[in-house]
Amino acid sequence: MPSTLLQSATALLTPDFVSRASAQLGEPEESALKALSRGAVPTLLAGLASKSQDRGTADRILGLIGDPSFDLRAARNPGTVFSEGGAGASLRELGGRLLALLFGGRLDGLTTALAEYAGIRPASSSSLLRVAAPLVLGLVGERARRDGLDGAGLSRLFASERDSIAGAVPALLRNAIGPPAAAAAELAPARPASPRWLWPALALVAIALIWSMLRGRQEHHATAVQPAAQLPAVAAAPRPSVTEWVTRRLPSGTEIRIPNNGIEIRLVGLLAGPGNSDEWFEFDRLLFETNSANLKPESQDQLRNVAAILMAYPNTQAKIGGYTDNTGDPASNLKLSQERAANVKSSLVNLGVDASRLEAEGYGEQHPVASNATETGRAQNRRIAMHVEQK
């Protein structure tokens, strides 16, 4: 019988791997094993199962798997993954990016909960999550390459193993990655209703109705609104929090200090690597005055970084999109989104980017990335994003 993803991932935690983790972190081997096999691994798989149900995010996961900057095969080698620099540092950086994508602003709570669950220090918990993430990602990548999976195929793979993954997540960690009231609905194994045929039938009808309404509005973007009957997102925080700052030297010689989980590092990864992407990169440190297109001063750091990146890759053509939630008058929202996108473009031009390389457009309340039924979802929909039109 073929192994599940959970079984395969747990099998990668060899005695040598656990022993090295224990020695590196100064934690008992039984605690390191518990944190990895019963904590970090099932929780990472649950996060992937949840996030992969959104096609755009599934494609981003595959993008991390295919990033040529990382050798995911090396994630199984404890001598490599626990090394101070080189491939080990790169793999832990990748782990940080995956954790930010899956858990966003709930990562700190997850780290604390894992430490409590396994009886280890929070610093050790953070380190184990960072080394487990590329290990799990590499396993998923092998399965994707073996079976020729695209984003939709990845969604189907995780949907088929949802129950076995969800049942393995400890309650303490389940609560840490979502509000307690919602956690059971998000991650608990599915149970049949009575009568058995009714809810599946209604779910299929709901999916069909939602898809017919949203399909025409979503063709512009790779990231789609998640159908209501699919697994909800684990992390519903408006924006990921900064977990670590890193320094990057650009081809121009300019050095920029950036978060390891923000738009800047992902933008550099695209521009420096092969191929193109349909991804829209969301600015995560831009702040506007309420109901205004005026940028707050604290936005300048990210604007300077993005301007430096664009100037370091002078052939890049980019489009800036502005978006709002659905509160208020649609025409006013469209106007505000256009003004904000234009203001971001003007700011980048003032910082040295040639205006002919940038385009700005407002989409108002179109193309939501979250539900407008909650304040958290509305906050996610109020955003500025950038799409690389040409590298």
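The values are calculated or read from the model by the stated rules, or taken from the named source; none is laboratory data. Worth saying up front: this structure is predicted, and the values here are computed from it rather than measured. FYI the Cβ positions are ideal-geometry reconstructions off the backbone, even for glycines, and counts take in every protein chain you see. The accessibility values were calculated without ligands, DNA or RNA, using every heavy atom of the protein model including side chains. Shrake-Rupley method; radii C 1.70, N 1.55, O 1.52, S 1.80 Å.
Extension gain E244-D150, at 0.36 nm per residue separation less the Cα-Cα distance, in nm? Let's see the in-between values first.
Values: separation 94, 0.36 × 94 = 33.84 nm, distance 3.05 nm.
Full extension from E244 to D150 adds 30.8 nm.
Between E361 and T14, residue separation times 0.36 nm minus the direct Cα-Cα distance comes to 119.8 nm.
Would you work out if region 57-182 is rounded, prolate or oblate? Take a ≥ b ≥ c from the square roots of the eigenvalues of the alpha-carbon gyration tensor; rounded if a/c is under 1.5, else prolate when a/b is larger than b/c, oblate otherwise.
Values: a/c = 1.93, a/b = 1.09, b/c = 1.77.
Cα axes put region 57-182 in the oblate bin.
What number, in percent, do you get for the relative contact order of region 1-85 if the mean sequence gap of Cα pairs under 8 Å and at least 6 apart is divided by its residue count? Walk me through the numbers on the way to the answer.
On the way: 37 pairs, mean separation 29.0, N = 85.
Reported relative contact order: 34 percent.
According to the square roots a ≥ b ≥ c of the eigenvalues of the Cα gyration tensor, what is the shape class of region 1-125, taking rounded for a/c under 1.5, prolate for a/b larger than b/c otherwise, and oblate for the remainder? Rounded.
Annotation note: GluC sites (Glu not before Pro) in region 1-102 located in DSSP loop regions with a Cβ neighbour count of at most 15 within 10 Å are E84.
Within 13 Å, Cβ to Cβ, of T254, how many net charges do the neighbouring residues add up to if Lys/Arg are +1 and Asp/Glu are -1? My count for the surroundings of T254 gives +2. According to a simple spin-label model (label point 7 Å from Cα along Cα-to-Cβ), what is the distance in nm between A89 and S332? If labels sit at S332 and A89, their model points lie 5.1 nm apart.
Largest first, the residues Y313, Y323 sort by 1.4 Å accessible area into Y313, Y323.
Shape verdict for region 298-345, please, from the Cα gyration tensor: rounded (a/c under 1.5), prolate (a/b greater than b/c) or oblate. Numbers along the way, then the final one.
Working: a/c = 3.88, a/b = 2.21, b/c = 1.75.
Because a/c hits 1.5 or more and a/b exceeds b/c, region 298-345 counts as prolate.
With both labels modelled 7 Å from their Cα along Cα-to-Cβ, the S3 to T254 distance reads 4.7 nm.
By the scheme Lys and Arg +1, Asp and Glu -1, what is the net charge of all other residues having a beta-carbon under 11 Å from that of R97? Result for the neighbourhood of R97: +1. For F288, the residues whose amide H sits under 5 Å from its own are K296, ignoring neighbours fewer than 5 places away on the same chain, with H placed 1.01 Å from N.
Length gained on full extension, D354 to K296: 18.6 nm, using 0.36 nm per residue less the C-alpha separation.
Within a straight-line Cα-Cα reach of under 19 Å, K345 can be paired with the following aspartates and glutamates, leaving aside sequence neighbours fewer than 8 residues apart in one chain: E264, E279, E282, D284, E289, E298, D301, D354, E359, E361, E389. Other residues within the sphere of radius under 12 Å centred on the Cβ of S83, judged by their own Cβ, net out at +1 (K and R +1, D and E -1). Our coupling estimate for region 293-302, obtained by passing each phi through the Karplus curve with A = 6.51, B = -1.76, C = 1.60 and θ = phi - 60°, is 8, 6, 7, 6, x, 5, 7, 5, 4, 5 Hz, Gly and Pro reported as x.
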